[in-house]
Every structure is written in C-alpha cells, then in structure tokens.
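**Student:** Quick one: structure below, then a few questions.
The values are calculated or read from the model by the stated rules, or taken from the named source; none is laboratory data. Source: prediction; values computed, not measured. All Cβ positions, even for glycine, are placed from backbone atoms using ideal geometry, and neighbour counts span all protein chains on display. Keep in mind that these areas ignore ligands, DNA and RNA; they rest on the heavy atoms of the full protein, side chains included. Shrake-Rupley method; radii C 1.70, N 1.55, O 1.52, S 1.80 Å.
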Amino acid sequence: MEVKVLNKQGAETGRVVTLPAEIFAVEPNDHAIYLDVKQYMANKRQGTHKTKERKEIHRSTRKVFRQKGTGGARHGSLKAGIYVGGARIHGPRPRDYSFKLNKKLKRLARLSALSYKAKDNAIVVIEDLHMDTPKTAEFKNMLAALKVTGSSLLVTSENNPNVYLSGRNLPNNNVMCAADLNTYQVLKCKSLILTEGALNKLQENK
C-alpha cells in the first residue's frame, strides 16, 4: 500500500512511501487485540480500593437486643453489614490487577491494530517534524492542514519534548514515539499520523 508523504502544511512533498505488508497488511487477530487492550487497562488500575470489614469497625460489642421474644431475627453485633455504619459485606480489598502476556501475542495485537488502520485508510504520513519551541497553535494548524478530524495520534521516531508539549493540550490528541506505540493507543485514535522516521522505526522493531 502506497501513501503520499505530506509536509506539516498539508502539501504533497512529491515522495511516496510503501507501507510494509508485514506490518500494515497482516491478518488481524481480534482475540489478541482484546487480550492486549485488557492487559493495558488492567495495568493502569491502582487497585487501592478498600472498605472496612467487621474486625475493623469500632462499635459497641453489646448484644443489640434480647435473643427471643422480639418477633424479629436475632442479632448480636452492631458491626453487621445490614446496619448503617456497619461493615461492608464482601467488600473490595487492595489487589494487583496486572498480568503478563506473551511478547509474540502483544506483537500480533499491535500489528493487527495497525492493519485495521491501513484498511480504513486512516494513516497519514508526514515528513519528520521538528519544533524549536512548544507551539500549540502551530500544532493545531498542522492538524487542520492535514485535514485530520476527531481523535489523532502522532507517532515520532524518537522522544521530542517540544512536539509533545505542543500537542498535549489539544483534546483528543496524543503524541508518542514509535518505541512506545501500543495496541490501545492505535485503536483509540481515529487518525494515525506517522512521521517518516517513525515508519522506519516500526520496520526496525516489527
């Protein structure tokens, strides 16, 4: 699949790049994508949720009322979960939600997501981007010139602080280097913007 290379003004540079079939034209595996996204979301969870159990509630230990003759169920503690201020029954406890996946499976999921983007013609290739200072307005004008609407993900060949700072304040936009590219971020964006250097990095790290 061939894609025209644009500059940041949205004009054609006269160059054309070929998207490698081994990266952008693989047979997508939906289950691999599901597992990789599930792991990404699980690893982001802090797992610090906690509620108090009966042993952690500080209330009187006296019997609530006499055992028999009240016409109601027997109760022996105000710490019971059915009372206001009582313990939480089977409440959440701190835990680690993260889990591991095979590297080959994660690679398949990432390539599947990139192949879906190529199939939907949602990939834009631009020449390498450099900014001397962070300029959000300049970054916004670039997206408009590229006719990118909705959410977008700009992938650079390496970490560029000025480019990252220019794009981070824009809603529905993300900037990351090729080495950090993951399945979740590829699927989340509507348009995937790759610099020429990022495309070469993806081929090296495929």
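**Student:** Once you put a point 7 Å from the Cα of Ala145 and another 7 Å from the Cα of Lys103, both along the Cβ direction, what distance in nm separates them?
**Tutor:** According to this spin-label approximation, the distance is 4.0 nm.
**Student:** Also, quick follow-up: Tell me the carbon and sulfur percent of the accessible area for segment 67-179, rounded to whole percent, probe radius 1.4 Å. It would help to have the intermediate numbers written out before the result.
**Tutor:** Numbers: 3500 of 7060 Å².
Whole-percent figure for carbon plus sulfur exposure: 50.
**Student:** Of the listed peptides 126-139, 32-45, what is their order by residue-averaged count of other C-beta atoms within 10 Å, with the highest listed first?
**Tutor:** 32-45, 126-139
**Student:** Shifting gears a bit: Gain in length, Ala73 to Ala25, computed as 0.36 nm per residue apart minus the alpha-carbon separation, to one decimal in nm? Please report the intermediate quantities before stating the final value.
**Tutor:** Details: separation 48, 0.36 × 48 = 17.28 nm, distance 6.67 nm.
Working it through step by step, the gained length comes to 10.6 nm.
**Student:** Probe of 1.4 angstrom, ligands and nucleic acids ignored: what's the accessible area per residue over the chain, in square angstrom?
**Tutor:** Using a 1.4 Å probe on heavy atoms only, each residue of the chain averages 63 Å².
**Student:** Follow-up. Only helical DSSP H runs with n ≥ 4 go in: add -39500 (n - 2.57) per run for the chain, normalise by residue count and round the 222 nm mean residue ellipticity to 500 deg cm²/dmol.
**Tutor:** Working: 7 runs with 68 residues, N = 206.
Mean residue ellipticity, 222 nm, calculated: -9500 deg cm²/dmol.
**Student:** Given R₀ = 30 Å, what would the calculated FRET efficiency be for His130 paired with Lys44, taking r from the Cβ atoms and rounding to 0.05? If you can, show how the numbers build up before the last one.
**Tutor:** Values: r = 31 Å, r/R0 = 1.04.
Plugging the Cβ-Cβ distance into 1/(1 + (r/R0)^6) gives 0.45.
**Student:** Can you check what the Kirkwood hydrodynamic radius comes to for segment 12-59, Cα pairs only, in Å to one decimal? Show your work: numbers first, answer last.
**Tutor:** Details: mean 1/r = 0.0619 Å⁻¹.
About 16.2 Å for segment 12-59.
**Student:** For segment 31-121, take the alpha-carbon Rg, divide it by the Kirkwood Rh, and send me Rg/Rh. Display every interim value, and only then the final one.
**Tutor:** Numbers: Rg = 24.5 Å, Rh = 17.7 Å.
The Rg/Rh ratio comes out at 1.38.
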